[in-house]
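Okay, so here's the structure we're looking at.
The values are calculated or read from the model by the stated rules, or taken from the named source; none is laboratory data. These numbers were taken from a predicted model, which means no experiment stands behind them. Don't worry about glycine lacking a Cβ; one is built from the backbone with ideal geometry, like all the others, and counts go over all protein chains shown. Heavy atoms of the whole protein, side chains included, go into the accessibility calculation; ligands, DNA and RNA do not. Shrake-Rupley method; radii C 1.70, N 1.55, O 1.52, S 1.80 Å.
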Amino acid sequence: MLHLASRSPRRAELLARLGLEFGILDLDVPERQGANEAASDYVRRVAREKAGAGLLAVVAVAGAVVLGADTEVILEGEVFGKPADAAAAAAMLRRLSGRSHEVLTAVAVVSAGREAQAVSLSRVTVAPLSEAAIARYLESGEWRGKAGAYAIQGVFEAQVARLDGSHSGVMGLPLHETAGLLRQFGVLP
């Protein structure tokens, strides 16, 4: 049976688009970048740790397959995690305003006998944001719990001037890469 090691409703919604039944594992895996850890290494590590923690939680389930993922917004090598509060969200949005940044999503799939991983890299260009536009967005509350302080699938999408890459990857689970991994594990035909 497939298990999603994530509390993200967006990831569950995206995984459901593949037509699969799956369980959801509510895990608390720390997301802290190491002092000299490159952004791509960090994203891969966290996805792998989530999947591994999930596998430990369902180790007694025969044939269990666990999917873990991590998404980060990266500007000039700096990882923009989830903002702690509205002030931090506003600061992130000001820095992203009128610029292009990368969104990395790593997906890790593990079972008792194997592990595989894929990474999706997208480039997102945000239109210039006025202070009023930032304030309106903060009032929506949509920024809460979102890497880089925005959700591309919500009202913020109107501020995205260009997307090169995977829309679902920016949302948190790149479906093309995920489907490929799940085929390797025999979960998808």
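Size of segment 72-163: Rg and Dmax of its alpha carbons, in Å, are 14.6, 53.
For the chain, the share of accessible area belonging to carbon and sulfur comes to 51 percent (1.4 Å probe, ligands and nucleic acids excluded). Calculated on the Cα set of segment 135-189, radius of gyration then Dmax: 14.6, 47 Å. Mean separation of Cα pairs under 8 Å and 6 or more residues apart, divided by the residue count, gives the chain a relative contact order of 22 percent. Taking packing as the residue-averaged number of other Cβ atoms within 10 angstrom, the listed peptides 95-102, 64-71 run from highest to lowest as 64-71, 95-102.
An ellipsoid equivalent to the chain, defined through the eigenvalues of its Cα gyration tensor, has semi-axes of 30, 16, 15 Å when rounded to whole angstrom and sorted largest first. For the peptides 8-17, 170-179, 111-120, 48-57, the ranking by packing is 170-179, 48-57, 8-17, 111-120, with the highest mean count of neighbouring Cβ atoms within 10 Å listed first. For Arg94, Arg45, the ranking by accessible surface with the largest value first comes to Arg94, Arg45, using a 1.4 Å probe. Each residue of segment 8-108 gets 124 Å³ once the volume of the Cα convex hull is shared out per residue.
How much accessible area per residue does segment 44-189 have, in Å², with a 1.4 Å probe?
43
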